[in-house]
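Each value in this text was obtained by applying a stated rule to the coordinates, not by laboratory testing. If you're wondering where the values come from, they're calculated on a predicted model, not measured in any experiment. Please note: Cβ atoms are built from the backbone with ideal geometry, for glycine as well, and neighbour counts cover all protein chains shown.
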Amino acid sequence: MDSILKKGLFLVTTAGAITAFPATAYADDPADDVMPQMGIEEVLNNCYNAKEEIAVEEYLVPTEKGEYLDMAFANVQSFLYIRSEPTTESEWVGKLYPDYAAKILGPVGEWTKVQSGEVTGYVYSEYIIIGNNAEQKAQEMVRNSDAENGEEVFTYAESKEEEEARLAEEAAAKAGSGQAIVDFACQFIGNPYVWGGTSLTNGADCSGFVQSVFAHFGVSLPRTTWDMEHVGTPVSYDQAIPGDIILYSGHVGIYMGNGQIVNAINSARGIGILPATYSSIVTVRRLI
């Protein structure tokens, strides 16, 4: 047969493929394999006028799909909202963290409908990996994993309800460990205040007291209150839990709960308890 496709044979062999081209690009149709956006006349002219052999496969939609071509992966630094509707004004129903997986349920446009774990909704398409790139990423993750089941390799979305439950559990755990810090610190109530001191028994100033208490639990803190203003994670006072530290202008104490702090007060009162709002609060820091 001539290297240039004969008109009749081309029409017979490509008619079905041409009419099957999708009008909308789906995530499981890799961009490199989608038919060029040209009319049938242009395709035919390419064949008739070419000076070299033309592979009909260039114009056919692949019939074989990769195992993971219907998957998407979050391509973000923090997290990607899954929303109830394809708009930023709609409620978010779940979150995809970096490299979390989802199954594509609909066409890929500005928004894509996905299912991830127990969450179904829409994600902004700019922040997901799809098509051949998703296939390659999935295959690489499977190769680098010891999991017997491929599905066990992937991590799926956390629903809004699951996040709320997790945060509540974490807060409870932190409060429990924070209470241990408070209990330890309170053992030294009545001991002396010594400016520049760090001894829980022989005397400490406010920052020395806090530094030494946390050192007992393996937490290293800077020496001065000014430096302590930048440690840990900031939280608002109404979110403070036992074990947080509260900083004032030139002073620091450990929050006990119930609106109180344990702290090295001054040389007259030593280590004792004060109202947490005895003075204007500069910042509350969570260390555990």
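Loop-only check: which chymotrypsin sites (Phe, Trp or Tyr not before Pro) in region 88-162 are DSSP coil with at most 14 other Cβ within 10 angstrom?
none
In terms of the Cα gyration tensor, with a ≥ b ≥ c the square roots of its eigenvalues, is region 162-255 rounded because a/c is under 1.5, prolate because a/b exceeds b/c, or oblate?
Prolate, because a/c is 1.5 or more and a/b exceeds b/c.
Considering the dipole of region 133-200 built from charges on the beta carbon (Lys and Arg +1, Asp and Glu -1) around the Cα centre, which of A173, Q187, N133 is farthest to its positive end?
Q187
Looking at region 96-236, how many pairs of lysines come closer than 25 Å at the Cα, when each pair is eight or more places apart or spans two chains?
Number of lysine pairs found: 6.
Once amide H atoms are placed 1.01 Å from N in the peptide plane, what residues at a sequence separation of 5 or more from L221, or on another chain, have their amide H within under 5 Å of its amide H?
Excluding prolines and chain starts, which carry no amide H, there are no hits.
Between rounded, prolate and oblate, where does region 207-288 land on the alpha carbon gyration tensor, with a ≥ b ≥ c its root eigenvalues, rounded for a/c under 1.5, else prolate if a/b exceeds b/c?
Rounded.
Rounded to the nearest 20 debye, what is the charge dipole size of region 77-185 about its Cα centre when +1 sits on each Lys and Arg Cβ and -1 on each Asp and Glu Cβ?
With only Lys, Arg, Asp and Glu charged at Cβ, the dipole is about 240 debye.
For region 71-156, rounded, prolate or oblate, judged on the Cα gyration tensor with a ≥ b ≥ c (square roots of eigenvalues), a/c < 1.5 rounded, else prolate if a/b > b/c?
Working: a/c = 2.10, a/b = 1.78, b/c = 1.18.
In terms of gyration-tensor shape, prolate.
So how strong a dipole does region 163-286 carry about its Cα centre when Lys and Arg Cβ are +1 and Asp and Glu Cβ are -1, to the nearest 20 debye? Show your work: numbers first, answer last.
On the way: 6 positive and 10 negative charges, 72 e Å.
I would put it at about 340 debye.
Taking the mean number of other Cβ atoms within 10 Å as a proxy for protection, how do you rank 165-171, 198-204 from highest to lowest?
Going by the mean number of other Cβ atoms within 10 Å, highest first, we get 198-204, 165-171.
For the pair V235/N144, report the inter-label distance in nm, with labels modelled 7 Å from Cα in the Cβ direction.
3.4
Which of the peptides 137-145, 246-254 is most tightly packed, and how do the rest follow, judged by the mean count of other Cβ atoms within 10 Å per residue?
246-254, 137-145
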